[in-house]
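One structure is given here, and the rest of the page talks about it.
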Amino acid sequence: MSSRPSSAVDVALVGAGIHSATLGMLLRELDPGLTIRTFERLDAVALESTDPMNNAGTGHAANCELNYTPAKPEGGVDPTKAFSINEQFEVSLQFWSSLVSAGRLPKPSTFMNPCPHMSLVLGQSDVAYLRARHEALHAHHFFASMDYSEDRAKLAEWAPLTMQGRENGVPYAATRVDRGSDIDFGSLTKAFFDALQKSGNFSMDLGTAITDVTREADGTWRLVAKKRKGGGSEEIRAKFVFLGAGGGALPLLLKSGIPEGKGYGGFPISGQWLVCAKPEVIARHEAKVYGKAAVGAPPMSVPHLDTRIIDGKRSLLFGPYAGFSTKFLKEGSYWDLPGSVKPSNLLVLASAGLRNLGLVGYLVGQVLQNNDARMKSLRDYFPEAKAEDWSLAIAGQRVQIMKPDAEHGGGKIEFGTEVVSAADGSIAALLGASPGASTAVPTMVKLIEKCFADRAKSPAWQATFKRLMASYGLSLAKDKALHASVRAKNNEVLGLKG
């Protein structure tokens, strides 16, 4: 018999990042009577992957991220993933727009601002690739406003820093989408939790780590919550648990013992930014300019020269440079990776590692590079960059999914995000990285549909979904008129262009 104090809740959210905040807001709209309690091991919300310095803040819409449109062996590109991500991001915009209109979120400029999205390449083969990418995307109504140019003067007009000092005779090409945005997901997350605090039936435990997750005989979950300062602990009984603690979700998933989590592991990748300290340089660049990732690089390491609006202040970042750490969280422990190795996932981890030696080699190279090497990478995007104008900042940790490979046996590394949930829907964990925050709304909607299946089908919940997201249950990809209507409303409410 435990001597710890105990309490019961309907929903326990582990981790105070964008996904927990989004799930909490959706559930609050669907059922204001649900008791929701959030546990965050740090002393404030949104300090790990959701912090603006720890993620790209792009508003992933596949406008500029070239890894979402892989080249096909027979020529051309495959736009399938780009279409999917663009539609998912539009769903997120609908949800945010609805909450702004209802007064549940502050004015949009506190968390998102217009910022053009660009892709820039050089060399004949990459120019041919970008031309094919534009042809494939521009033909669809999602990307009808995407511009393409190989004219140096036009490229210099779009992004002056990127063309200044370029050598002649080298082919260049770029695409540009004016409707891009920069999103401070930290500010958005804080706004969500502020709204939840005001709604009632909600509580937040900061500085509190969940150390154990155990299923009870009645199907509920027993969580052990331990204060990081003072050492006190409490037991919580929850009907539903969401493990949204970034890299910290995997160890808790393994502790839960659900069969669906068997064989899962994680491969941590760290990041760094070069941050511009010169206001005159920052003022001359207003775009997110993405290029092609190096061979073997993970998606989170696609290089970009990035205008950011953080806490209302404009800044300019370049990176991220990838690295390796055994921590699963920026404020984690070096024992995170060794501690996640279990008999149930050992073969998966070993097999996935052997199959991805190129990634391991790439990360080793990134760890060993000095500032001269980092500046050389920056000058691929800003040829006249001066080392004294830039400083190095540590970005966040990402844990790439390692999972059983049902098709080929052994294990594989999965780039992207994945929700792993128990068969009865009583617990779910979010694993992985990009596109993450930008697609949090559709990801959490799918989680609700699976984990709250009976209630999600009820007329009341279906009506709420439709109120919050006009395209719910419909296809924006297939319905051009609906897409135009949704986009027009989102533009008007959120202050986006075109």
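Observations on the model:
- Single match in 470, 484 (criterion: more than 24 Å from the chain's Cα centre (by Cα) and touching a residue at least 40 places away in the same chain (Cβ under 8 Å)): 484
- Check on residue 305, surrounded by 18 or more Cβ atoms within 10 Å (Cβ to Cβ), assigned to a strand (DSSP E or B), aliphatic (A, V, I, L, M) and touching a residue at least 60 places away in the same chain (Cβ under 8 Å): yes
- Filtered residue count, the range 125-147, keeping only those that are part of a loop (DSSP other than H, G, I, E, B) and either without any contact (Cβ under 8 Å) to a residue 12 or more places away in the chain or aromatic (Phe, Trp, Tyr) (or both): 2
- Qualifying residue in the range 406-416 (condition: modelled with pLDDT of 85 or more, crowded, with 16+ Cβ neighbours inside 10 Å and either assigned to a helix (DSSP H, G or I) or of a type outside the set (Val, Ile, Thr) (or both)): no
- Residue that is in contact with a strand residue (DSSP E or B) (Cβ under 7 Å, 6 or more places away or on another chain), buried (at least 22 other Cβ atoms within 10 Å of the Cβ) and under 28 Å from residue 291 (Cβ atoms), where the choices are 130, 137: 130
- Criterion applied to 466, 450, 446, 489 was being part of a helix (DSSP H, G or I), in contact with a Phe, Trp or Tyr (Cβ under 8 Å, 6 or more places away or on another chain) and surrounded by fewer than 20 Cβ atoms within 10 Å (Cβ to Cβ), and the one residue passing it is 466.
Here's the yes/no breakdown for (1) of a type in the set (Ser, Thr, Tyr); (2) closer than 30 Å to residue 55 by Cα:
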| site | (1), (2) |
| --- | --- |
| 403 | no, yes |
| 410 | no, no |
| 418 | no, yes |
| 447 | no, yes |
| 453 | no, no |
| 461 | no, no |
| 464 | yes, no |
| 469 | no, yes |
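- Whichever residue in the range 148-189 is touching a residue at least 40 places away in the same chain (Cβ under 8 Å), closer than 19 Å to residue 497 by Cβ and not in a loop (DSSP other than H, G, I, E, B) and, among such residues, is farthest from the chain's Cα centre (by Cα): 158
- Sole residue being in contact (Cβ under 8 Å) with a residue 24 or more places away in the chain, small (Gly, Ala, Ser) and either buried (at least 17 other Cβ atoms within 10 Å of the Cβ) or in contact with a strand residue (DSSP E or B) (Cβ under 6 Å, 6 or more places away or on another chain) (or both), chosen from 109, 97: 97
- Selection over the range 213-226 of residues that are assigned to a strand (DSSP E or B) and either surrounded by 15 or more Cβ atoms within 10 Å (Cβ to Cβ) or modelled with pLDDT under 95 (or both) gives a count of 8.
The values are calculated or read from the model by the stated rules, or taken from the named source; none is laboratory data. Owing to the predicted nature of the structure, the values given are computational and were not obtained by experimental measurement. So basically every Cβ, Gly included, is an ideal-geometry build from the backbone, and we count neighbours across all protein chains shown.
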